[in-house]
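Scroll down for the structure; my scribbles are underneath it.
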Amino acid sequence: MSMDVNGYTTHQPLTAVAALNATGLVVECGSGHYSTALLYSLCKAQGVKLLSFDEDPEWARAMTAAYNGLHTVEYCPDIAARLRAMPEAPDMLFVDNGAFKIAPLWERRRCLEVARDRNIRLTVCHDTEPCNRWKYQYDKAFPWFKHQVHFVGSCFRLSDKYPPRPWACALSNSDDLQWLRDALPERPEDAIAGQEAFDNA
């Protein structure tokens, strides 16, 4: 799969592989032109249901309009509470929420708390570089998950523990994620460069 990976799309290779392995409901926490389009296409191809939530009502309406009735982005002021109350736990969760000036960025940590408590099989997180850890509180949440893999922007596997210098990651307590490691193999020079960059930050 060929992708143009930039600052907004660093999650895409990882998200694509994860979505292609989804066997049930996929929930997107925080919508966007890149993630929603990718998840919509792959979920449709896989025959699994996609629910997209966003804390910004105007953005949710705009994203819904962009799909001309084919997909709805639901306005949801408290995504974590919505996830906790859902009758069916998702098979996959994509976490990229925290609308600027509307919802705190650490709402992502609250979504991961639900993923842990409901034992969601696979959670994919975006913007997981150590420079972002204070914003999203990922470092507080990562110890909750037994299995985790972290990826650089080119989405070669960087490490199986935090903190390296990742841009996206996958988390689970029930899936060892070996299929993901096999699909996105480690590139040693990235691991070395990433760890050096973190150590010197």
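Scanning the range 22-76 for residues that are under 19 Å from HIS126 (Cβ atoms) and β-branched (Val, Ile, Thr) gives VAL26, VAL27, THR36, VAL73. Is it the case that ARG82 is out of contact with any strand residue (DSSP E or B) (no Cβ under 6 Å at 6 or more places or on another chain) and surrounded by 20 or more Cβ atoms within 10 Å (Cβ to Cβ)? When the stated conditions are applied, ARG82 does not pass them. Of the set (1) modelled with pLDDT of 90 or more; (2) surrounded by 17 or more Cβ atoms within 10 Å (Cβ to Cβ); (3) farther than 26 Å from ALA85 by Cα, all apply to PRO166 but (1). Filtering the range 7-53 to residues that are within 22 Å of TYR75 (Cβ to Cβ), touching a residue at least 60 places away in the same chain (Cβ under 8 Å) and not polar (S, T, N, Q) leaves LEU25, VAL26, VAL27, GLU28, CYS29, GLY30, GLY32.
I'd like to check something: does the range 89-98 contain any residue that is part of a helix (DSSP H, G or I), crowded, with 22+ Cβ neighbours inside 10 Å and among the aromatic types (Phe, Trp, Tyr)? No, the conditions are met nowhere in the range 89-98.
Being within 21 Å of SER174 (Cβ to Cβ), in a helix (DSSP H, G or I), small (Gly, Ala, Ser) and modelled with pLDDT of 90 or more holds for only one residue in ALA60, ALA81, ALA18, and it is ALA18.
Of the residues making up the range 21-42, just one is farther than 25 Å from GLU58 by Cα and among the hydroxyl-bearing types (Ser, Thr, Tyr), namely THR23. Residues in the range 146-163 that are at pLDDT 90 or above and surrounded by fewer than 19 Cβ atoms within 10 Å (Cβ to Cβ) were compared, and the one that is farthest from LEU39 (Cα to Cα) is LYS146. With respect to the conditions (1) farther than 19 Å from VAL27 by Cα; (2) surrounded by fewer than 20 Cβ atoms within 10 Å (Cβ to Cβ), TRP106 falls short on a single one, namely (1). For the range 46-84, the set of residues classified as over 19 Å from GLY24 (Cβ atoms) and aliphatic (A, V, I, L, M) consists of ALA60, ALA62, MET63, ALA65, ALA66, LEU70, VAL73, ALA80, ALA81, listed by residue number.
Scanning the range 35-50 for residues that are in a helix (DSSP H, G or I) and touching a Gly at 6+ places or on another chain (Cβ under 8 Å) turns up nothing.
Regarding MET86, is this residue modelled with pLDDT of 95 or more and closer than 20 Å to HIS126 by Cβ? The answer is no for MET86. Checking the stated criteria, ALA141 turns out to be surrounded by 22 or more Cβ atoms within 10 Å (Cβ to Cβ), at pLDDT 75 or above and over 15 Å from VAL17 (Cβ atoms).
Regarding the range 106-120, can at least one residue be identified that is in contact with an Asp or Glu (Cβ under 8 Å, 6 or more places away or on another chain), part of a loop (DSSP other than H, G, I, E, B) and of a type in the set (Lys, Arg)? Among the residues of the range 106-120, not one is in contact with an Asp or Glu (Cβ under 8 Å, 6 or more places away or on another chain), part of a loop (DSSP other than H, G, I, E, B) and of a type in the set (Lys, Arg), which makes the answer no. The sole residue among ASP175, ASP190, ASP182 that is surrounded by 14 or more Cβ atoms within 10 Å (Cβ to Cβ), modelled with pLDDT of 55 or more and not β-branched (Val, Ile, Thr) is ASP175. When restricted to residues that are free of Cβ contacts under 8 Å to residues at least 12 places away in the same chain and on the phi > 0 side of the Ramachandran plot, the range 54-110 contains 3.
The values are calculated or read from the model by the stated rules, or taken from the named source; none is laboratory data. Bear in mind that the values here come from a model prediction, so they are computed numbers and not experimental data. Glycine gets a Cβ as well: all are built from the backbone with ideal geometry, and neighbour counts include every protein chain shown.
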